[in-house]
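Heads up: the structure comes next, in structure tokens.
The values are calculated or read from the model by the stated rules, or taken from the named source; none is laboratory data. Here the structure is a predicted model, which means the values were calculated and not measured. All Cβ positions, glycine included, derive from the backbone under ideal geometry; neighbour counts span all protein chains shown. Keep in mind that these areas ignore ligands, DNA and RNA; they rest on the heavy atoms of the full protein, side chains included. Shrake-Rupley method; radii C 1.70, N 1.55, O 1.52, S 1.80 Å.
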2 protein chains.
Amino acid sequence: MIAEIARQVLPAMSPGAILSDVGSVKRQIVADIAPHVPAGVCFIGGHPIAGTEHSGFEHALADLFENRICVLTPNADVDSRALDRLTSFWRQLGSRVIAMDVNAHDRIFAAISHLPHMVAFALVNAIVDMEGFDAGILQYSAGGFRDFTRIAASDPIMWRDIAMMNAPNILEAIGYMERSLATLRSAIQGNGADSIEEFFRTSSEARRSI
Amino acid sequence: MIAEIARQVLPAMSPGAILSDVGSVKRQIVADIAPHVPAGVCFIGGHPIAGTEHSGFEHALADLFENRICVLTPNADVDSRALDRLTSFWRQLGSRVIAMDVNAHDRIFAAISHLPHMVAFALVNAIVDMEGFDAGILQYSAGGFRDFTRIAASDPIMWRDIAMMNAPNILEAIGYMERSLATLRSAIQGNGADSIEEFFRTSSEARRSI
């Protein structure tokens, strides 16, 4: 989708122009766009770490990028003046700019962004699937559950595209999640008070360190 | 823990007194306390659906119970005047009181409260376990991940006790979660755009309906 739009825009771009994008996955988008970039035009992939569970112009926020990180994924042979200009653009919006390799980007965000979304979607479906489930029970849910599943209200189409474009890294991350859940299940099945507590303590301490 | 304290308190209670608790699991707590309740004293299990990821007096909030649900789990032979008094107590704190069977309570809260906590703890551990994990990557996490894992900072001891006391229902719920994640993994592995979108759409719509 992003690459398709880029291919429509690129032929109209003048030498010296810079093209960037804001997609959540970088390797495939960059690979799909790069061959179509005309001489003199510079393409640099980008991913501002900002947004809500809402999509579309009607949810625009003037300060969306303030104090947020924006990741750029320049190639090794990037035009350094173009990179400076794009960096300056994001800084003027209030963002902190970080350069990263496309593969490193996709693996890191599979872990800290895509996996939590996959898990939130799967959690809501697990509860809805439960035998005897009645939507009325959701009235009993407290703040924790609502915060937790807020991101499960995100756009299904956008997340379908992310899941498919970053499939290898997301599948790796889901594998870690499946093993983590299995470890917890075994500890509870085995009535292992110490193992259960240790599992929760590790998690609690890691989370507090953020 | 709660039952142990109750057994210490009960011998000092006068006829006409009411004992209740605020534990997150009800069947086992009620079963452990019931045999020790002296004649004339009424015990009614309770579970106010309120709280944060913080524990202890230092995190007390004056309006903690306002506009929250409080579940009570009276036995069939409960003294109706005692139930009225306890109901009135919670209403004066601003809560909406709902009576529920202990087993129904424990299964519902395994789904909408205990499972989300298990999943949050497991998610943080999954990310920490990832090969090549560097705590520095958590700086890139956006609001979604932080909201999502906020509850993973909850007290490990309290959650160990909940996991052990409500083990059968929590294991059932973890089973649903494992199957839900496996369904999603298969859809991504099979590159099934429609299946992936459908999975996310079901979840997104269920979540929005809360």
Margin query: Scan region A:118-135 and tell me whether some residue there is touching a residue at least 24 places away in the same chain (Cβ under 8 Å) and open to solvent by 50 Å² or more (accessible area, probe 1.4 Å).
Written below: no
Taking first residues from region A:182-210 that are on the phi > 0 side of the Ramachandran plot and second residues anywhere that are open to solvent by 30 Å² or more (accessible area, probe 1.4 Å) and part of a helix (DSSP H, G or I), the pairs with Cβ under 8 Å that are 6 or more apart or on different chains are A:N191/B:M164
Residue set A:D84, A:D21; condition under 17 Å from the mean Cα position of the chain (by Cα), charged (D, E, K, R) and modelled with pLDDT of 95 or more; output residue A:D21
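Quick grid of which residues meet (1) in contact with a helix residue (DSSP H, G or I) (Cβ under 7 Å, 6 or more places away or on another chain); (2) more than 19 Å from B:V25 (Cβ to Cβ); (3) among the polar types (S, T, N, Q); (4) open to solvent by less than 70 Å² (accessible area, probe 1.4 Å):
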residue	(1), (2), (3), (4)
B:H59	no, yes, no, no
B:D63	no, yes, no, no
B:D77	no, yes, no, no
B:L83	no, yes, no, yes
B:S88	no, yes, yes, yes
B:G94	no, yes, no, yes
B:V102	yes, no, no, yes
B:R107	yes, no, no, no
B:A111	yes, no, no, yes
Quick count over region A:193-210, residues being more than 8 Å from every other protein chain (Cβ to nearest Cβ) and hydroxyl-bearing (S, T, Y), is 1
Q.
Would you confirm, using the coordinates I've provided, whether B:P74 is more than 8 Å from every other protein chain (Cβ to nearest Cβ) and within 21 Å of the chain's Cα centre (by Cα)?
A. yes
*Could you please let me know if A:F145 is more than 11 Å from every other protein chain (Cβ to nearest Cβ), surrounded by 15 or more Cβ atoms within 10 Å (Cβ to Cβ) and over 26 Å from B:G132 (Cα atoms)?*
no
Going through region A:111-142 in order, the residues found to be of a type in the set (G, A, S) and more than 9 Å from chain B (Cβ to nearest Cβ) are A:G136
If we keep only residues of region A:30-57 that are part of a loop (DSSP other than H, G, I, E, B), more than 28 Å from B:E205 (Cα to Cα) and among the aliphatic types (A, V, I, L, M), then the residue least open to solvent (accessible area, probe 1.4 Å) is A:V41
Being of a type in the set (A, V, I, L, M), under 21 Å from the mean Cα position of the chain (by Cα) and at pLDDT below 95 narrows A:I44, A:I2, A:I33 down to just A:I2
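To keep it simple, each residue is scored yes or no on (1) within 30 Å of A:D84 (Cα to Cα); (2) under 14 Å from the mean Cα position of the chain (by Cα); (3) not charged (D, E, K, R).
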site	(1), (2), (3)
A:M118	no, yes, yes
A:D129	no, no, no
A:D134	no, no, no
A:Q139	no, no, yes
A:R150	no, no, no
By residue number, the members of region A:8-21 that are surrounded by 14 or more Cβ atoms within 10 Å (Cβ to Cβ) and in contact with a His (Cβ under 9 Å, 6 or more places away or on another chain) are A:L10, A:D21
* Asked: Any residue in region B:148-163 that is among the aromatic types (F, W, Y) and in contact (Cβ under 8 Å) with a residue 24 or more places away in the chain?
  -> yes
Quick check on A:I69: is it of a type in the set (A, V, I, L, M, F, W, C) and within 14 Å of another protein chain (Cβ to nearest Cβ)? yes
Of those in region B:152-192 that are at the interface with chain A (Cβ under 8 Å from one of its Cβ atoms) and outside any helix (DSSP H, G or I), the residue least open to solvent (accessible area, probe 1.4 Å) is B:S154
